[in-house]
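Q: This is the structure, below, for whatever I ask next.
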Amino acid sequence: MYTSHEDIGYDFEDDPKDKKTLKPHPDIDGGWAWMMVLSSFFVHILIMGSQMALGVLNVEWLEEFHQSRGLTAWVSSLSMGVTLIVGPFIGLFINTCGCRQTAIIGGLLNSLGWVLSAYAANVHYLFITFGVAAGFGSGMAYLPAVVMVGRYFQKRRALAQGLSTTGTGFGTFLMTVLLKYLCAEYGWRNAMFIQGAVSLNLCVCGALMRPLSPGTDGDDPEGKEPHVLPAHSTESVRSSGQLGGAEEKGGGPGTEDSLGDMPAQACHEKAAHRKDMCAFRVLKTVSRLTMRVRKGFRDWYLGYFGTASLFTNRMFVAFIFWALFAYSSFVIPFIHLPEIVNLYNLSEQNDVFPLTSIIAIVHIFGKVILGVVADLPCISVWNVFLITNFTLVLSIFILPLMHTYAGLAVICALIGFSSGYFSLMPVVTEDLVGIEHLANAYGIIICANGISALLGPPFAGWIYDITQKYDFSFYICGLLYMVGILFLLIQPCIQIIGQSRKKYIDGTNV
């Protein structure tokens, strides 16, 4: 999504007319590119999978701190929301440090957030350690994983993104089972401590994010490596010159008396030379770092605040409104389903095969199948996208009506399959804004999803605190979701009417 000094997908070569043409990098769509898919797959398992399994910990927090459901749900929603909301700002780190360093730092911060949360004395402590710290670390590791897959793939980008994002489904299934086992055997505090250790594997995933080599520079038509001069300062040249002059003088006649002072003088000059070289290297490093930060900030600023044309695209604005309402309808079941199962006295059946695991497993197949169907030449990506959205809304409305495990399992399967449209979001975004604005536009969409994930679960908890039912929270979220879909449907009609009216006015004027 973001372009840094590391993320270079093509090599530049000069043609006979001195114009820069693009030569595909040898690792594009093959080779190490599949290691990027593997790395991103495990990042999705460790981050998105863990967040989707937070319903297990949410039940433990309710029993431990005896707070309202609305307040307790803020912990999970903060973690999910911050992970996505900080997406545009993580671009500054990517532009400055590159994807590999950003992901490794994010893995360390995420692990630290889990470990510190194990010592929480109240819910408000979890807001900081788990919601903000672990969430910010998740965002720093998650975004580079998506970016690097996009940089390493051109022709098979949709397939690569679809395969890597299936880690969310696998992770939800695995992390739900893992957290339930750890909480039952060791308690939720030790479970979070162990999960923090597991999260250190994000650093390994980040280390696999090898930047694409820049290759041949377009300014060098012969394709030769630029010659790098040794990093000597003027002081070192002077000292070398003085030393050489002293040696020449020392070789002349009548200088035998000064030979005894030469070793002391040489040591003194060498020490001064080393001191000058150290100072020069420090200044050089600081200068390079300053230039890199300034360039990264400039690229980040122009990328987001210099693209006002995105917001003049009415269809894209409607897409943002859709994103604000859509993600909460997918997140709320993961957070509150474990407690809903307890309210319906279905805990024994849910322990055998959790409903959230059903969503996760079917979600994997949904992403792959919908991706294959959308790639068919006779199928419109937009039609697949809208149909799956309508299916998800219908499932959200029906969910409160089901009070048996079998009924809930069927609806959860529908939610999991229809939510597979997430793999189509980059394609739909590209159709709206074009490839040149895809990175910035998708960052804005992710940020909107983060706001939805941040506000959705606490809203559902507050509705329960007022009505003592989760039914109304699903109905309200479903209605808001439907409003977002209607924005997507109405806006093209408005554009068609506006274009027809403009043509009519132009025809009458002629």
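The values are calculated or read from the model by the stated rules, or taken from the named source; none is laboratory data. Since this is a predicted model, take the numbers as computed values, not measurements. Here the Cβ is made from the backbone with ideal geometry for all residues, glycine too, and neighbour counts use every protein chain on show. Side chains included, ligands, DNA and RNA excluded: accessible areas come from the protein's heavy atoms. Shrake-Rupley method; radii C 1.70, N 1.55, O 1.52, S 1.80 Å.
Q: Run Gln101 past the list (1) over 24 Å from Leu289 (Cα atoms); (2) out of contact with any Leu (no Cβ under 7 Å at 6 or more places or on another chain) and report the number of the one that doesn't hold.
A: The failed condition is (1).
Q: Still on this structure, I have one more. From the list Ala120, Ala103, Ala134, which one is touching a Gly at 6+ places or on another chain (Cβ under 9 Å) and closer than 28 Å to Thr72 by Cα?
A: Ala134
Q: So the check is Cβ under 8 Å with 6+ separation or different chains; which pairs have a first residue in the stretch 166-183 that's in contact (Cβ under 8 Å) with a residue 40 or more places away in the chain and surrounded by 24 or more Cβ atoms within 10 Å (Cβ to Cβ) and a second one that's not β-branched (Val, Ile, Thr) and not in a helix (DSSP H, G or I)?
A: Listed pairs, sorted by first residue: Gly171/Ala53; Thr172/Ala53; Met175/Ala53; Thr176/Ala53; Thr176/Pro354.
Q: Let me ask you something else. Within the stretch 347-367, is even one residue closer than 20 Å to Glu430 by Cβ and either crowded, with 16+ Cβ neighbours inside 10 Å or among the small types (Gly, Ala, Ser) (or both)?
A: Yes, because at least one residue in the stretch 347-367 is closer than 20 Å to Glu430 by Cβ and either crowded, with 16+ Cβ neighbours inside 10 Å or among the small types (Gly, Ala, Ser) (or both).
Q: Pairs needed: first member in the stretch 35-60, over 19 Å from Ala133 (Cβ atoms); second member anywhere, acidic (Asp, Glu) and part of a helix (DSSP H, G or I); C-beta distance under 9 Å; at least 6 residues apart or different chains.
A: Gly55/Glu339; Val59/Glu339
Q: State the number of residues belonging to the stretch 368-411 that are in a helix (DSSP H, G or I), in contact (Cβ under 8 Å) with a residue 24 or more places away in the chain and either polar (S, T, N, Q) or open to solvent by 50 Å² or more (accessible area, probe 1.4 Å) (or both).
A: 8
Q: Please go through the stretch 192-206 and give me each residue that is under 18 Å from Val37 (Cα atoms) and either among the charged types (D, E, K, R) or surrounded by fewer than 17 Cβ atoms within 10 Å (Cβ to Cβ) (or both), ordered by number.
A: Across the stretch 192-206, the qualifying residues are Asn201, Val204.
Q: Inside the stretch 455-471, can you point out the residues that are open to solvent by 30 Å² or more (accessible area, probe 1.4 Å) and either closer than 13 Å to Thr72 by Cα or of a type outside the set (Asp, Glu) (or both)?
A: Across the stretch 455-471, the qualifying residues are Leu455, Phe459, Trp462, Asp465, Ile466, Thr467, Gln468, Lys469.
Q: Only one of these is out of contact with any Lys or Arg (no Cβ under 6 Å at 6 or more places or on another chain), modelled with pLDDT of 90 or more and over 24 Å from Pro333 (Cβ atoms): Ala133, Ala118. Name it.
A: Ala133
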